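Please read the structure below before turning to the comments.
The values are calculated or read from the model by the stated rules, or taken from the named source; none is laboratory data. Since the model is a prediction, treat every value here as computed from it, not as a measurement. Don't worry about glycine lacking a Cβ; one is built from the backbone with ideal geometry, like all the others, and counts go over all protein chains shown. Side chains are part of the model used for accessible areas, which takes the heavy atoms of the whole protein and leaves out ligands, DNA and RNA. Shrake-Rupley method; radii C 1.70, N 1.55, O 1.52, S 1.80 Å.
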Amino acid sequence: MTIAKWLWTIARGNRLQMFLNALIGIMQVAASLLSVYAVKHAIDVASHETEGNLYLAIAFMGGIILADFLLGVSSVWVRSLLGVKAQNRLQQVMLERVLRSEWQARNVRHSGDTINRLEGDVGVVVGFLTETLPSALATLMLFLGAFSYLYTMDPLLALITIAIVPVCVLLSKFYVKKMRRLNRDVRDSDSKIQSVMQETVQHATLIKTLESDSAMIGRLSASHAELRHNIVRRTMFSVLSNFTMNFGFAFSYLLTFAWSAVRLSAGTLTFGGMTAFMQLVMKIQGPARSLAKLLPRSVSVLTAAERLMELEDVPEEETGEPLAVDAPCGVYLDNVTFRYADDEHTVFNHFSYSFLPATATAVIGETGVGKTTLIRLLLALTRPTEGRVMIGKDEQHATEVTHLHRCNFVYVPQGNTLISGTIRDNLLLAKSDATDDELRRALYTSCADFVFTLPKQLDTLCSEGGGGLSEGQMQRIAIARALLRDRPVMLFDEATSALDPETERQLLQNIMKRQDKTVIFITHRMAVCDYCTQVLRLDRDA
């Protein structure tokens, strides 16, 4: 029931396509049933069983065929135009939900698995809502219409034809339970494959230098083997189920043919009537088969919906207007204790420190003492187990930091943080309406004026991960992006690690010229300390 409610909520944004697909389907049902009458009438007229104009009867058949063709074309257009729009809409909604989720909970799931859900599972859900359900409605109407038509001609034959349907209904509960479990195994295996491939491509240079090509291909091969095994299990069960169902339908069709042939031989049925019988039986069995095939699709959508709902199960950050604080402002840690889980060691234990307004602080310490955790606390990516992190003009008037205070920070992470696109695209992430003069000033301040020596300058393309630029160049562009954001608190995590001493010196001097900024450097480079007003040394007992 929970999944049904979730699907109903998602369906609200796709009602136009659902309505159009259902309307076209119903019109196709009407055309299909009319075609049965048209064929019977034309045959009876041609065999002189019924009076009428043969050419008009043939023209009537042609009109129905043309109408059905036009309805098919309309269905393709609706599926192509509105279907893509519906899938894009749900992907955007789900991606936005992922971005709004809390950092610590979100990182439990591999990014490859998340992308697999946003692509594959979204497509399954949208296809089911916008195409499968309207098609099922039309199919049900065709089944009922054909059955009613046949019932008016021969009640006993109509009942014999659908005798297999109750059996299918009885077996459906077992089928859904079994297929749902098998389908989940397949989708999870597919996510593992995408995760392996994504990590291999992202870390191709590392893998090559470690000569670990065979190891990664081995991991992919093992994941492929698991997927094949799960697909074989699902296919075997599906084949057995389809064989049982199709055997019943084939037997029912053979029985109908025998019944019609006996009546034709006895003179109680015309040749046109027998033709109509066989057409109607096919139009009963065809929809019945389609409705039976709806079961595996329903199982697929149940699995897909569950996987998307799991993305929404991650706690979400509260929405609200950003809470800006006037510069200069400080950040204060008051008696902070933090651990990532109850059974993990304590990273900070009743730790207090003040990053005073308009000061520059170098945070140093050996690896693993909590420097990265400190940044996460300052940015409210995670919350203290005890104590408070606050921001304000002074400690007495400070307010506790939440995600709504991130608007007061700029952050330059360690490592490569450029996206594929132009240098301009990367800079405009910080300020979408920045002018060329603002971009130029930010680049000069960050010692990234080398950009203007490139053939295309700001419009120089960077491949994925900033390919085409050196590590030092990428760092300076990332710093320029942070400066363009222009917020009162600036966090630099090993942001100058790839710079030569002279460039680093000039860059630090340029940054320190701004007297209204609170600057925090996470660094291993002692040269950075010379430009700071205070130094925070973290150790294991912080």
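Results, tabulated for the structure shown:
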item: Segments 477-487, 62-72 sorted - mean Cβ within 10 Å per residue, highest first; result: 477-487, 62-72
item: Surface accessible to a 1.4 Å probe, K192 within the full protein complex, Å²; result: 100
item: Out-of-range pairs (alpha-carbon distance over 31 Å; input K5/K431; K393/K431; K431/K513; K371/K456); result: K5/K431; K371/K456
item: Extension gain from Y340 to T50, taking 0.36 nm per residue of separation minus the Cα-Cα distance; result: 95.9 nm
item: Rounded to whole Hz, the Karplus (6.51, -1.76, 1.60) HN-Hα couplings of region 54-67, x for glycine and proline; result: 4, 5, 5, 5, 5, 4, 4, 4, x, x, 5, 4, 5, 4
item: Residues listed by number, region 493-521, amide nitrogen under 16 Å from R441 label point at 7 Å toward C-beta; result: 510-517
item: Rg/Rh for region 342-427, where both radii come from Cα atoms and Rh is the Kirkwood radius; result: 1.01
item: Inter-label distance for T268 and F237, nm, one decimal - labels placed 7 Å from Cα along Cα-to-Cβ; result: 4.6
item: Net charge dipole size for region 339-385 [Lys, Arg +1 and Asp, Glu -1 on Cβ; Debye, nearest 20]; result: 200
item: Ranked order, K513, K431 - accessible area, probe 1.4 Å, largest first; result: K513, K431
item: Evaluated over region 383-542, the Cα radius of gyration and Dmax, each in Å; result: 16.7, 53
item: Order of exposure, largest accessible area first, which applies to R307, R228, R100 with probe 1.4 Å; result: R228, R100, R307
item: Estimated FRET transfer efficiency (V93, L404; beta-carbon r; R0 22 Å; 0.05); result: 0.50
item: Approximate spin-label separation D313-L66, in nm, with each point projected 7 Å along Cα-to-Cβ; result: 5.7
